[in-house]
Amino acid sequence: MEKIKKPSFIEAVSVLIIIVATIAAGVVGFKISPNIAILIAIGMVMVYAVVKKQPTDQLHEGIINGLKPGIIPIFIFILVGALIAVWIQAGIIPTLMVYGFNIISVPWFVPSVFVVCAIVGSAVGSAFTVMSTIGIAFFGIGTTLGLTPALVVGAIVSGAVFGDKMSPLSESTNLAAAIVDADLFKHIKHMMWSTLPAFIVSLILFAFLGHTDKGASLTEIQNVTTILENNFTISIWSLIPLFLMLVCAWKKVPAILTILLNIAVAVGMIFIQDPSTSFSGLATVLESGFLSETGNTQIDALLSRGGIESMMPTVSLIILTLSLGGLLIEFELISTVMEVVSKKMTTIPKLIFTTLMTSIGVNLFIGEQFLSVILPGNAFKETYKKAGLDPTVLSRTLEDGGTVINYLIPWGIAGSFVASTFGIPTMTYLPFVFFSLLSPVFSMVSAITGLGIAKNNEKQEQLNVVKETI
């Protein structure tokens, strides 16, 4: 097999800039779908490979290697689509909506949603699960209250991302700790230096922007509640799948098994509630989603969702995005840039800033959350060691610039998931995802002030210029 010809730093940077500019121009400027923009970018990389006489037999290899990290997420997305459909038909999401009306304060609805999603997310360890279950319920309540949909989605996503980031059950949290050889709970504790300030400021912003005196009339809320009670089974027993999900998370049951078990339980509940339900009808719901026919246009639009088919646009975007990332990695365009950049960092603020920008850049170029942690983590690990920093400094920075930012990228896996789940374009809800926007800011505050910058007591080879910055 012919060997890959490594590009120069300038060449690699130029190609990456052209690619991200093309994607941005296509999605933001020409309003084309991210799928088409990514497909164009893939074509550009292939043209580059041919022009530079790179071994074209590696094109397939790059795509295959790029797709490998996304196989499990793709399968989970498919299952989540089916889960949403049966959770609606079984009355689980409608029950959460009805209980939400009774529990959450209407004037302080937005900050309440942020806090509740953060708590549940911390327990479950999955932002996707929070958003696709109670998140949909909260979105329905917020829409009924007449609140700005993008603001409600921002609060849901912010809370879910906080919970995902701080949960020991989260895959991304475990990955960030593992990639730098850091203790998991030490990593979570160290993240508080940037995560807690971001949470507090986000809560204040949601309270300020989301507080409303008008809200919705009690009559309007009661009408919605009555419609839901007349068309769905509203019962405390409908919360069983939610608690089952929490138990599975506590027992560290794999996500796929957890979702499959929840689908099975929800299906059982459907047959118990309505024994006349046909297998073919239920199969249609799993495939195409639940069709709400309450007669209320707003409720029907909200609860007519889910199904495997609903996730296919997201799945196609994941496949294209990971394929692009695989090609960029295969032809060493990303590694060439990261190797050079990592060697030029001489101060802690510069090092952390560069790590943040690299993680954000990987999110922009590849759109894959895990790769935004893996690639910078491997590239900067030795640099942080030489600077005498504890591994948790790097793992926290990877989370602040990698994990949380993917939810803000229109062609990113997380960003496209949010957009498809709530029907709100990424660029519309982006300004309101305060937690994700503030995390890298407070990470830099920590770097500049030296607060929360843990030293590696076993490595005292810190550079003099680094000492002068603390």
Given charges at Cβ of Lys, Arg, Asp, Glu: the chain dipole, positive-most of 291, 247, 266:
247
A correct Karplus calculation of ³J(HN,Hα) over segment 441-455, with 6.51 cos²θ - 1.76 cosθ + 1.60, θ = phi - 60°, whole Hz and x for Gly and Pro, returns 5, 6, 5, 6, 4, 4, 5, 6, 7, x, 6, x, 8, 7, 9
Need the C-alpha centroid separation for segment 343-399 versus segment 74-143, integer Å.
33 Å
Step through the residues of segment 286-301 one at a time and calculate ³J(HN,Hα) from phi using the Karplus curve (6.51 cos²θ - 1.76 cosθ + 1.60, θ = phi - 60°), rounding each to whole Hz and writing x for Gly and Pro.
4, 7, 9, x, 8, 10, 7, 9, 7, x, 8, 4, 5, 5, 5, 5
Taking residue 186 as the anchor, which lysines have their alpha carbon closer than 22 Å to its alpha carbon, excluding any fewer than eight residues away along the same chain?
165, 251, 252, 381, 385, 386, 455, 459
Using θ = phi - 60° and the Karplus form 6.51 cos²θ - 1.76 cosθ + 1.60, what ³J(HN,Hα) does each residue of segment 407-416 get, whole Hz, x for Gly and Pro?
6, 9, 9, x, 9, x, 4, 5, x, 5
Strictly greater than 44 Å: what percent of every Cα pair in the chain meets that?
15 percent
At 1.4 Å probe size, with every protein chain present, just tell me what the per residue accessible area of the chain comes to in Å².
41 Å²
Using amide H atoms built 1.01 Å from N in the peptide plane, name the residues 5+ places from residue 455, or on other chains, whose amide H lies under 5 Å from its own.
390
What the Cα atoms of segment 124-210 span along the principal axes, largest first and in whole Å, is 47, 25, 14
Per residue, the convex hull enclosing the Cα atoms of segment 37-99 spans a volume in Å³ of 110 Å³
Can you send over the carbon and sulfur percentage of the accessible area for the chain, probe radius 1.4 Å, protein chains only?
68 percent
Reachable lysines from residue 52, criterion Cα separation under 17 angstrom, eight or more residues apart if same chain:
3, 5, 6
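The values are calculated or read from the model by the stated rules, or taken from the named source; none is laboratory data. Because the structure is a prediction, the values reported are computed rather than measured. For neighbour counting, all protein chains shown are included, and Cβ atoms are generated from backbone atoms with ideal geometry for every residue, glycine included. Please note that ligands, DNA and RNA were not included when accessible areas were found on the heavy atoms of the full protein model with its side chains. Shrake-Rupley method; radii C 1.70, N 1.55, O 1.52, S 1.80 Å.
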